[in-house]
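> Structure in structure tokens, see below.
The values are calculated or read from the model by the stated rules, or taken from the named source; none is laboratory data. Everything numeric in this text was worked out from a predicted model, so none of it was measured. Counting neighbours? That spans all protein chains shown, and the Cβs are built from the backbone with ideal geometry, glycine included. Just so you know, the surface numbers come from the protein's heavy atoms only, side chains and all, with ligands and any DNA or RNA stripped out. Shrake-Rupley method; radii C 1.70, N 1.55, O 1.52, S 1.80 Å.
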Amino acid sequence: MSSYAKRMDNIKGSDIREILKLTQQPDIISFAGGLPAPELFPIEKIKTAAVEVLNKHGRKALQYGPTEGYIPLRNKIVNQVKKFGIDSNYNNILITSGSQQGLDMIAKLYIDPEDVILCESPSYLGALNAFKAYEPKFIEVKTDNNGMLMDDLEVHLKNNEKIKLIYVIPEFQNPTGRTWSVERRKKLVELANKYNVIIVEDNPYGELRFDGQLNPSVKSFDTENKVIYLGTFSKIFCPGYRTAWILASEDIIHKLIFIKQGIDLQTSTIAQYDINEFMEMYDIEEHIKELVSVYRERRNIMLDEMKKTFPKEVIFTYPEGGLFTWVELPERVNTRDLLVKAVEKKVAFVPGGSFFPNGGNECCMRLNYSNMKPDKIKQGVDILSELIKNELK
Ligand SMILES: Cc1ncc(COP(=O)(O)O)c(C=O)c1O
């Protein structure tokens, strides 16, 4: 019998997927996934846009399309990313089937076995899992509330010639909800230029800012085409369309097009037409404002309740946007064990250890506040709080 490829040794089921299965039960209060609030999907408007697409462009929208994507949609993305200081044109944009696919494609382009990927400690589990298929080594760079520590980053860049990618989520990071300072963004580009390394900037949450000003992206400081930027419609529109983009130099986009041809030829034509039509007929900024206002309220409710009820030894982040807060418990608490007890009480979260590629840190957890209604958020936090108090006794 044939054996599985060696790369499969690195690929194991993810905690998130297993937990998401549990959250399918209607009575679970889930802080686990990164799911948007489904009641905010603009279904009536999407219906109108979809009918318009079929009436006006049915034969094209249901046909194969170019690998790089539908030009009118790529032009809209050019416009959409201007708010992050990115100056581009549609040739810099490749539409992907979710940013998840983009992450996989980028690793396929750059990573040979044993190459090194630098990432924030902690980092997005889905990206780490996508990268693992290419058999890299991960080095976790230390972080604080303002992002990666640039001194630590430089030590690694100096001492390791196999570093190929630096993967970062500078805006409302998954899992911590933290945002990088502008100085660190500039410094990151400087270091990438100096050591000739590619930066992968993943920004699914940047538009979901509740307080303060939008920040310029890392890409906006890119002078030598070292930054590959990822954006997605999953969090500002609907993840079910599985439509996202990679923005990079034309050279890099050309290579990625070859890769995409081998994977799925192209992202769904009709999904791209539907989103494009929605953006022509309606103001997506209005829709984003509505998301921001609902998620801000949910963040406030979760964080207020945590402040009120969590024991003093427990610390957590106060995100200015995005979908998550990050909780650090005293080291003696193991959040995988805590999860088992929480699920018995019908509450789910993601244990923090999964977000560290090299393991450890079992005393942390990620909580999502976008998906549950306010009364459930309060109830779930109260249950967690009781469980944590019991653990600390
Ligand atoms: C940081 C980050 N990158 C990428 C993704 C994947 O997004 P998409 O739905 O576009 O595949 C997510 C989804 O939660 C994410 O949090």
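> From the list Glu305, Glu328, exactly one residue is open to solvent by 10 Å² or more (accessible area, probe 1.4 Å), touching a Cys at 6+ places or on another chain (Cβ under 7 Å), more than 16 Å from the ligand (Cβ to nearest atom) and within 24 Å of Phe172 (Cα to Cα). Which is it? Explain how you work it out, then say what you get.
Values: Glu305 fails: touching a Cys at 6+ places or on another chain (Cβ under 7 Å).
Going through Glu305, Glu328 in turn, just one is open to solvent by 10 Å² or more (accessible area, probe 1.4 Å), touching a Cys at 6+ places or on another chain (Cβ under 7 Å), more than 16 Å from the ligand (Cβ to nearest atom) and within 24 Å of Phe172 (Cα to Cα): Glu328.
> Tell me which residues, restricted to the range 46-86, are without any contact (Cβ under 8 Å) to a residue 12 or more places away in the chain and either touching a strand residue (DSSP E or B) at 6+ places or on another chain (Cβ under 8 Å) or within 27 Å of Lys255 (Cβ to Cβ) (or both).
Within the range 46-86, Asn79, Lys82 qualify.
> Then there's this: Do the conditions hold for Gly240, that is, is it more than 12 Å from the ligand (Cβ to nearest atom), small (Gly, Ala, Ser), open to solvent by 50 Å² or more (accessible area, probe 1.4 Å) and not in a strand (DSSP E or B)?
Working: more than 12 Å from the ligand (Cβ to nearest atom): no; small (Gly, Ala, Ser): yes; open to solvent by 50 Å² or more (accessible area, probe 1.4 Å): yes; not in a strand (DSSP E or B): yes.
Spelling it out, it is not the case that Gly240 is more than 12 Å from the ligand (Cβ to nearest atom), small (Gly, Ala, Ser), open to solvent by 50 Å² or more (accessible area, probe 1.4 Å) and not in a strand (DSSP E or B).
> Just the residues that are charged (D, E, K, R) and either more than 28 Å from Arg299 (Cβ to Cβ) or within 16 Å of the ligand (Cβ to nearest atom) (or both), please, taken from the range 149-185.
Our first condition is that a residue be charged (D, E, K, R); within the range 149-185, this holds for 151-152, 154, 158, 161-162, 164, 171, 178, 183-185.
Asp151, Asp152, Glu154, Lys158, Glu161, Lys162, Lys164, Glu171, Arg178 - these are the residues of the range 149-185 that are charged (D, E, K, R) and either more than 28 Å from Arg299 (Cβ to Cβ) or within 16 Å of the ligand (Cβ to nearest atom) (or both).
> Of the residues that sit in the range 243-252 and are in contact with a helix residue (DSSP H, G or I) (Cβ under 6 Å, 6 or more places away or on another chain) and open to solvent by less than 10 Å² (accessible area, probe 1.4 Å), which one is nearest to the ligand (Cβ to nearest atom)?
Once the filter is applied, the top-ranked residue is Ala244.
> With the requirement that a residue be assigned to a loop (DSSP other than H, G, I, E, B) and within 16 Å of the ligand (Cβ to nearest atom), what does the range 128-145 give you?
Matches in the range 128-145: Ala133 only.
> Could you list all residues from the range 200-219 that are buried (at least 16 other Cβ atoms within 10 Å of the Cβ) and touching an Asp or Glu at 6+ places or on another chain (Cβ under 8 Å)?
Passing the criteria: Asn203, Tyr205, Gly206, Arg209, Phe210, Asn215, Ser217, Val218, Lys219.
> Within the range 101-127, how many residues turn out to be assigned to a helix (DSSP H, G or I), within 16 Å of the ligand (Cβ to nearest atom) and either modelled with pLDDT of 95 or more or open to solvent by 40 Å² or more (accessible area, probe 1.4 Å) (or both)? Steps first, please.
Going through the range 101-127, the residues assigned to a helix (DSSP H, G or I) turn out to be 101-110, 125-127.
Filter once more, so that each one left must be within 16 Å of the ligand (Cβ to nearest atom): 101-108, 125-127.
After this cut, where a residue has to be either modelled with pLDDT of 95 or more or open to solvent by 40 Å² or more (accessible area, probe 1.4 Å) (or both) as well, the list is 101-108, 127.
Residues that pass the stated criteria total 9.
> Hey, does the range 37-48 have a residue that's more than 30 Å from Val343 (Cα to Cα), modelled with pLDDT of 95 or more and touching a Pro at 6+ places or on another chain (Cβ under 9 Å)? Spell out how you get there, then give the answer.
Of all residues in the range 37-48, those more than 30 Å from Val343 (Cα to Cα) come to 42-48.
In the following step, the residues that additionally are modelled with pLDDT of 95 or more were identified as 42-48.
Remaining after also requiring touching a Pro at 6+ places or on another chain (Cβ under 9 Å): none.
Taking every residue of the range 37-48 in turn, none turns out to be more than 30 Å from Val343 (Cα to Cα), modelled with pLDDT of 95 or more and touching a Pro at 6+ places or on another chain (Cβ under 9 Å).
> Could you say whether any residue in the range 152-168 is closer than 29 Å to Ser234 by Cβ and among the polar types (S, T, N, Q)?
Scanning the range 152-168 turns up no residue that is closer than 29 Å to Ser234 by Cβ and among the polar types (S, T, N, Q).
> Now for a different question. Return the residues of the range 194-237 that are in contact with a strand residue (DSSP E or B) (Cβ under 9 Å, 6 or more places away or on another chain) and within 11 Å of the ligand (Cβ to nearest atom); say none if nothing qualifies.
Val200, Glu201, Asp202, Asn203, Pro204, Tyr205, Gly206, Leu230, Gly231, Thr232, Phe233, Ser234
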